[in-house]
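J.: My questions all concern the structure below.
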Amino acid sequence: MVFPILMIPGPTNLSDQVLRVMSDPMLGHTSPQFYEDYKEAQMLSAKLFGSEEDKTVLFSGSGTFGIEAGISTFLKDGDKVLSLVNGYFGDRFAKIAEIYGIKVKTVSFPDGMAADPDTLKRELQMEKYDAVSMTHIDTSTGVMNDIISLGNIAKEYGAYVFVDLVSSLGGSKFRFDDGPFDYAYSASQKCIAAPPGASLIAISDDLLKRSHDFKPKSYYFNLKMWLDVMKDPKIYLTTPTIPVIRALKVALKELFEEGLEARIRRHEEMGKLAWDFAISMGWKPVSNKPSSTVIAIDLALPISAAVKDYMLNKKNILIATGIGPNAGNIIRVGYMGNTSKQLLLNTLKGIEEAVIAVKSSKQLH
Ligand SMILES: Cc1ncc(COP(=O)(O)O)c(C=O)c1O
């Protein structure tokens, strides 16, 4: 079997050390060895959030678990949420909240625009909301929001701030404790370069206090119980994804060996490289600004599936096609985790070749 190089916006390519730890013999979930690994992974995940261990949860699940856990633990029936949408993943928060009986108003920012602070202000002046949800980088469009400005406005109007960092944590500047945030969630398989299966969450003291008055609506997603497990991972609640948590620990150690600032800088530089390359080719990025982890490009012709196939068959590189409106015209390239500038450049040059080949085979111009 041939394994392609992943240039999709997650999951991402794993280092040899991370791969190796996943083939270790299985450990017991309450064993002292695993306890040490879990504690270290949790300590490093709190450091990555720019927060403290007693405010963060690391448990087995994907990014969506972070969404559902936050909603089911910290929001209650009849709460009102204003959901800022810049693509498919902003909308996911709104859809899950509705399942839990939350009243959601979505405000969409189409055409690759980031969420506009003045629009948010106007919405909050017109109606009182319990929470505002936003995505740092929406993986479907590559749109990156200024979550500090948006969060500050939401706080001014007394709303809790829920932020999706699935496609940004470890690849973009963020500090939970210094910012206007109450709930942030991310996942292992993107900028951290660990396998999928671990969900990383940070919770503010204010949000935790608010939840004392009501019961979470789920067992599995009950973050209050998970906070107890974090204090002592020997407590059995559910069996963790042991190899994933151990691999995450190794990936986080590698991340901090590179240095968080250096890693973010590398991501930002790749964002600029991808953006400049796309513009120089006359391609249209979906977003109106670069992001540090993913670019979505509108090729203006319904050729994204053929370009993806060409990349896979001729270059052994996997890129993604679009999600949402115009999906058939859109390709997406992720440059997250261990990706180097050289690999990104090779990918972009490969796409240039693929576009020419596909257009000429279909006689399109
Ligand atoms: C921004 C964003 N939020 C949420 C999710 C959902 O994460 P998962 O697929 O790990 O459940 C994704 C997945 O790609 C994402 O990119």
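J.: Six or more apart or on different chains, Cβ atoms under 7 Å: show the pairs whose first residue is in segment 143-167 and in the same structural domain as ALA131 (by TED's automatic domain parsing) and whose second is charged (D, E, K, R) and within 12 Å of the ligand (Cβ to nearest atom).
T.: From segment 143-167, the pairs are VAL166/LYS190; SER167/LYS190.
J.: Look at PHE65 and say whether it is within 15 Å of the ligand (Cβ to nearest atom), out of contact with any Lys or Arg (no Cβ under 8 Å at 6 or more places or on another chain) and modelled with pLDDT under 95.
T.: No: the conditions fail for PHE65.
J.: For segment 306-365, which residues satisfy the criterion of being out of contact with any helix residue (DSSP H, G or I) (no Cβ under 9 Å at 6 or more places or on another chain) and of a type in the set (Val, Ile, Thr)?
T.: Correct list: ILE356 only.
J.: What pairs come up if the first residue lies in segment 118-134 and is outside any loop (DSSP other than H, G, I, E, B), the second is acidic (Asp, Glu) and crowded, with 22+ Cβ neighbours inside 10 Å, and their beta carbons are under 8 Å apart, counting only those six or more places apart or on different chains?
T.: ALA131/ASP182; SER133/ASP164; MET134/ASP164
J.: Working only within segment 109-143, note down all residues that are touching a Gly at 6+ places or on another chain (Cβ under 8 Å) and surrounded by fewer than 18 Cβ atoms within 10 Å (Cβ to Cβ).
T.: LYS128, the sole residue that qualifies.
J.: Sticking with this structure for a sec: Among all residue pairs at least 6 apart or on different chains, which show Cβ distances below 7 Å where the first residue, located in segment 51-73, is within 19 Å of PRO196 (Cα to Cα) and the second is of a type in the set (Val, Ile, Thr) and assigned to a helix (DSSP H, G or I)?
T.: Within 7 Å, the pairs are SER60/VAL244; ILE67/ILE96; GLU68/ILE96.
J.: Now, a different point. Among the residues of segment 161-177, is there at least one that is near the ligand (Cβ under 10 Å from one of its atoms), acidic (Asp, Glu) and in contact with a strand residue (DSSP E or B) (Cβ under 6 Å, 6 or more places away or on another chain)?
T.: Among the residues of segment 161-177, at least one is near the ligand (Cβ under 10 Å from one of its atoms), acidic (Asp, Glu) and in contact with a strand residue (DSSP E or B) (Cβ under 6 Å, 6 or more places away or on another chain), which makes the answer yes.
J.: So how many residues does segment 287-304 have that are out of contact with any Ser or Thr (no Cβ under 6 Å at 6 or more places or on another chain) and either of a type outside the set (D, E, K, R) or not assigned by TED's automatic domain parsing to the domain that holds ASP276 (or both)?
T.: Keep residues of segment 287-304 that are out of contact with any Ser or Thr (no Cβ under 6 Å at 6 or more places or on another chain), which gives 288-291, 295, 297-303.
Still in the list and also either of a type outside the set (D, E, K, R) or not assigned by TED's automatic domain parsing to the domain that holds ASP276 (or both): 288, 290-291, 295, 297, 299-303.
Within segment 287-304, residues that are out of contact with any Ser or Thr (no Cβ under 6 Å at 6 or more places or on another chain) and either of a type outside the set (D, E, K, R) or not assigned by TED's automatic domain parsing to the domain that holds ASP276 (or both) number 10.
J.: Sort out which residues of segment 39-62 are more than 16 Å from the ligand (Cβ to nearest atom), of a type in the set (S, T, N, Q) and either farther than 15 Å from PRO233 by Cα or in a helix (DSSP H, G or I) (or both), and write them in order of number.
T.: Passing the criteria: GLN42, SER51.
J.: Being more than 20 Å from the chain's Cα centre (by Cα) and within 20 Å of LYS173 (Cβ to Cβ) is the filter here, so list the residues in segment 107-143 that pass it.
T.: Once the filter is applied, which keeps residues that are more than 20 Å from the chain's Cα centre (by Cα) and within 20 Å of LYS173 (Cβ to Cβ), segment 107-143 yields only PRO117.
The values are calculated or read from the model by the stated rules, or taken from the named source; none is laboratory data. What you see is a predicted model; the values in this text were computed from it and never measured. Positions of Cβ are backbone-derived with ideal geometry, glycine not excepted, and every protein chain shown enters the neighbour counts.
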